[in-house]
Amino acid sequence: MSSSLPARHIGLDHIRALAALMVFSWHFTHYATGYPVPFEGAPSIFFLSVFDEGHTGVALFMTLSGYLFAKILAGQQINYGAFLLRRFLRLMPLLLVMLLLVGVQQYLAGNSVMDYGRSLPIGLITPTLPNGGWSLTVEFHFYLILPLLLLLCRKSPFLLLAVLLAAVVFRVYLYGRNGTIFWPAYWTIVGRIDQFLLGILAYHYRKKFIGRHVLAGAAIAGFCLFYWYFDRIGGFYRIDGYPSPTPLWIIIPTIEGAFFGLLIAYYDYSFDHSAGLFSRFIARIGEYSYSMYLLHFFVVFAMADYVHRHIMDISYFYTGQVWAVICFLLLVPFTYLSYVWFERPFMRIRVPYTRARATAREEYQIAPCGAGEPALESPGLRQ
């Protein structure tokens, strides 16, 4: 059964587009070896550090996921089985297409397709799926605990803060035991839980951020300065080795979640977002961001290499960023086709999974999480 899609939220699609651009720029400029743009140093224009360390775009997607599901399920009772089915229909078709294409790559490269196929079920448990699929594993782990998190938040938001504190303490323990915390903090729910939780809390406290332009500006400056500092001391791929041994990874997921939660709530509720041509174009990119996220891996490194070898030297950070934006925009028509073929048909399949709570409160009243706003058919991690 299908139906027309509901109205979209332009502001949140703008945020998705930003997250997709950050991740694309990270891969375009650096890959895993600092090519064509070396890892050393940090941009002198400090706010561009979040593009030089564009992996943080994944944190933006995950914080947005927590925020959206708090918003989608506000004032609703959830049919959990139908919820999981809905998420399966939303995310799995394109994921399967990507995994099939990777399998073809493995075959053409002379690798064992059987070994590749046997590795895929493990990716449902550990974050090992290729081409960004690992983050969907983390997202799935979030879905497993989402009802509990919303229940805790309805009882008291401080219970979510207790879960957040427990996650930080656990990372401190792991760092003390292993001398590094990078892998669980970046690749697993052990670190990413902070971003989901802070996304939920950002929706809960959304009214505190409406029109707070000075606060938002200070937060943006502070976050960019933090990543500028992180970039200067080595960043994601440190000169002294990978994975990064810095204890900053104990709190980086928390810092990312707190900032992005504030940014999302502020941007979502502080403006009447324009429906003009430019605004709608950016929103469309956000709408196709899941396709961009999963499929850009097939071409992004070749695009950077081609530009660097045949058009101009892009090893200078700013030149590389300009070309990253150009190539990102060149992919938009192809992600549109992917969206039309592999996403939109399944989004039109209606799987109702909510019904209104009898005690739901009015939208803009600050109320316990899970109360206050009608359900929306807006996907969570739209990478």
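Rule-based calculations on the coordinates, nothing more; no lab input. Fair warning: this is a prediction, and the values are worked out from it, not measured in the lab. Because the Cβ atoms are built from the backbone with ideal geometry, glycine has one as well, and the counts that use them run over all protein chains shown.
Picking from PHE158, PHE230, PHE278, which is most flexible by a Gaussian network model of the chain using Cα springs under 10 Å?
Evaluated over the chain, the most mobile residue of the options is PHE278.
If you build a Gaussian network model of the chain, linking Cα atoms that sit under 10 Å apart, which residue out of GLU139, GLU40, GLU53 swings the most?
GLU40
How big is the charge dipole of region 234-353 about its Cα centre, in debye rounded to the nearest 20, if each Lys and Arg gets +1 on its Cβ and each Asp and Glu gets -1 on its Cβ?
380
With each label point set 7 Å from Cα along the Cα-Cβ vector, what nm distance links LEU89 and ILE122?
3.3
Using 0.36 nm per residue of separation minus the Cα-Cα distance, give me the extension gain between TYR205 and SER279 in nm, one decimal.
The TYR205-SER279 span can extend by a further 24.0 nm.
Considering the options GLY211, SER289, ALA42, tell which one lies farthest towards the positive end of the dipole of the chain, charges being +1 on Lys and Arg and -1 on Asp and Glu at the Cβ, about the Cα centre.
Farthest towards the positive pole: GLY211.
What residues of region 307-321 lie in the reach of a label at VAL299, counting those whose backbone N is under 18 Å from a point 7 Å from the Cα along Cα→Cβ?
307-311
Provide CYS327, CYS153 in ascending order of the number of other Cβ atoms located within 10 Å of each residue's Cβ, fewest first.
CYS327, CYS153
Let me have the 222 nm mean residue ellipticity of the chain computed from DSSP H runs of 4+ only, each contributing -39500 (n - 2.57), with the sum over all residues rounded to the nearest 500.
Helix contribution divided over all residues of the chain: -20000 deg cm²/dmol.
Could you give the size of the charge dipole of the chain about its Cα centre, using +1 on the Cβ of each K and R and -1 on the Cβ of each D and E, expressed in debye and rounded to the nearest 20?
In total the dipole reaches around 1200 debye.
Taking only complete DSSP H runs, can you tell me which helices of the chain stretch 27 Å or more along their own long axis by Cα positions and average at least -0.5 on the Kyte-Doolittle scale?
Answer set is 10-30, 80-108, 133-155, 157-178, 213-232, 317-338.
What is region 40-162 by shape, rounded, prolate or oblate, if you read a ≥ b ≥ c off the alpha carbon gyration tensor as root eigenvalues and call it rounded for a/c under 1.5, prolate for a/b larger than b/c, and oblate otherwise?
In terms of gyration-tensor shape, oblate.
Is region 129-265 rounded, prolate or oblate when judged by the Cα gyration tensor, a ≥ b ≥ c being the square roots of its eigenvalues, rounded requiring a/c under 1.5 and prolate requiring a/b larger than b/c?
Since a/c reaches 1.5 but b/c is at least a/b, the shape of region 129-265 is classed as oblate.
Can you work out the FRET efficiency for the pair LEU148 and ASN178, with r the C-beta to C-beta distance and R0 = 30 Å, to the nearest 0.05?
For LEU148 and ASN178, the calculated efficiency is 0.60.
Can you tell me the relative contact order of the chain? Whole percent, Cα pairs under 8 Å, sequence separation 6 or more.
In percent, rounded to a whole number, it is 40.
Which residues' amide hydrogens lie under 5 Å from the amide hydrogen of GLN77, considering only partners 5 or more residues apart or on another chain, with H built in the peptide plane?
For GLN77, whose amide H was placed from the backbone, the distant partners under 5 Å are ARG355, ALA356, ARG357.
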